[in-house]
Every structure is written in structure tokens, then in C-alpha cells.
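Only one structure is covered here, and it is reproduced in the block below.
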């Protein structure tokens with residue numbers, strides 16, 4: 001039976017190296033939070049260093065822009081595989097996208113899902129592994145009883161609800177880089193503003 005978790009490989013793996021380089025160069029990295037609503041830091045739950053990137057910044061770094069173009073192609077592959085995801089309302093990237101770095105023994109360690117009372121317009125999650133992790137480091141989906149290996153360039157898209165409760169499996173020996181964000185259902189006013197912006 002289909003689990004609605006799409007796995008795709010980005011066409012140009014150099015994009016992953018470029019994003020790691022962008023992360024390392026940036027002075028805007030911050031300790032990862034478990035709630036953007038109140039900037040709650042709980043390293044026992046999520047131990048990461050994050051770089052937040054605005055997908056609508058006019059002067060965005062070309063390395064990020066190239067990833068967004070590639071992600072757009074992957075989104076179309078997901079829609080082709082699961083066309084019902086595209087039948088009900090316009091959706092797209094509305095909020096910032098995050099590059100996240102997990103040092104050895106770091107990770108998003110507890111089970112969670114991507115929808116909450118403050119994120120109720122979320123539709124789908126996307127995540128791309130930016131490096132290979134060979135000593136654990138998987139993404140583990142609880143209800144699907146599935147562990148997905150962190151492999152450079154592998155991009156996942158999946159629904160945001162509790163049925164996709166998941167966590168990062170900690171690697172005690174290796175570091176891990178990902179880039180991740182959400183597709184939200186778009187209010188029509190916001191949708192038209194995107195069309196105008198593009």
C-alpha cells in the first residue's frame with residue numbers, strides 16, 4: 001500500500017555542496033528552535049544549528065535560487081505520482097526555508113509532526129539531505145515503520161499530519177546537513193501577490 005512519502009534524487013548533486021558552502025559562509029546561523037512561535041530552544045529535543053532563508057528575497061543567493069528551481073521540478077514529480085494532492089486549493093512555499101546542521105549526537109530526537117495550531121495551513125513537507133550519513137542518521141516514520149537513509153541529494157516530500165509522525169535518528173559519529181521547509185495552502189490574496197511578484 002502506498003505511504004505517500006515521495007523520494008526523489010535532485011538532478012545536480014553539486015547543489016548540495018553549494019548549500020553547505022552557503023551555510024558555512026553565513027553569519028546568520030542560529031541555534032535550532034522547536035517552536036518558531038516563541039523561539040523555544042530545547043536541545044534535548046532538537047539539537048541543531050539553523051540558517052533561515054527567505055524564498056522571496058529579491059537578492060537571494062544564486063545557490064539557494066538554483067535549489068528552489070530544482071525543488072520545483074521535484075514538486076511536479078510528486079504531483080504526477082499523487083495527483084490528488086493538487087486538486088483542492090493552490091499551495092506553495094510561503095515561509096522561510098531552513099538549512100539545518102546536526103553535529104554528531106545532534107538531531108531532532110523526538111517524534112513530531114509538522115502541523116500544529118499555529119501551522120494549520122501546512123500541506124506538505126519537503127526535505128533534501130545535503131550529505132551522506134552512513135552511521136544511522138535516518139529519518140524514521142513511526143506509523144509507517146520506515147527508516148529512510150540520509151543520502152546526498154535525496155529529497156523527500158510527505159504530508160504534514162500526525163499520521164506522518166517522525167524523528168531524526170541520531171548519528172553518534174557523523175554530522176548531517178539538510179534543507180527543509182513546507183508547502184502551505186495559499187490564501188487567494190497571497191497567491192495573487194506571488195503571481196505579481198514573479
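To keep it simple, each residue is scored yes or no on (1) surrounded by fewer than 16 Cβ atoms within 10 Å (Cβ to Cβ); (2) in contact with a strand residue (DSSP E or B) (Cβ under 6 Å, 6 or more places away or on another chain).
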| position | (1), (2) |
| --- | --- |
| 131 | no, yes |
| 140 | no, yes |
| 145 | yes, no |
| 149 | yes, no |
| 153 | no, yes |
| 160 | no, yes |
| 174 | no, no |
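Keeping to region 38-59, report how many residues are within 18 Å of residue 95 (Cβ to Cβ) and either over 18 Å from the mean Cα position of the chain (by Cα) or outside any loop (DSSP other than H, G, I, E, B) (or both).
If we filter region 38-59 for residues that are within 18 Å of residue 95 (Cβ to Cβ), which is where we start, we get 38-40, 46, 48, 50-58.
From what is left, the residues that are either over 18 Å from the mean Cα position of the chain (by Cα) or outside any loop (DSSP other than H, G, I, E, B) (or both) are 38-40, 46, 50-53, 57-58.
Final tally of qualifying residues: 10.
Going by the structure shown, is residue 77 part of a helix (DSSP H, G or I), under 17 Å from the mean Cα position of the chain (by Cα), closer than 20 Å to residue 132 by Cβ and in contact (Cβ under 8 Å) with a residue 40 or more places away in the chain? No. Looking only at residues of region 80-94 that are buried (at least 17 other Cβ atoms within 10 Å of the Cβ) and within 17 Å of the chain's Cα centre (by Cα), we find that the one that is farthest from residue 48 (Cα to Cα) is 91.
Residue count for region 113-156 under the criterion of being touching a residue at least 60 places away in the same chain (Cβ under 8 Å) and more than 21 Å from residue 18 (Cβ to Cβ): the result is 10. Just one of the listed residues (52, 48, 26) is more than 22 Å from residue 125 (Cα to Cα) and touching a residue at least 12 places away in the same chain (Cβ under 8 Å), and it is 26.
This table checks each residue for (1) under 26 Å from residue 167 (Cβ atoms); (2) surrounded by fewer than 17 Cβ atoms within 10 Å (Cβ to Cβ); (3) at pLDDT below 95.
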residue: 42; (1), (2), (3): yes, yes, yes
residue: 47; (1), (2), (3): yes, no, yes
residue: 52; (1), (2), (3): yes, yes, no
residue: 57; (1), (2), (3): no, yes, yes
residue: 74; (1), (2), (3): yes, no, no
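The values are calculated or read from the model by the stated rules, or taken from the named source; none is laboratory data. A quick note: this is a predicted structure, and the numbers were derived from the prediction, not measured. Reconstructed Cβ throughout: ideal geometry from the backbone, glycine too, with neighbour counts over all protein chains shown.
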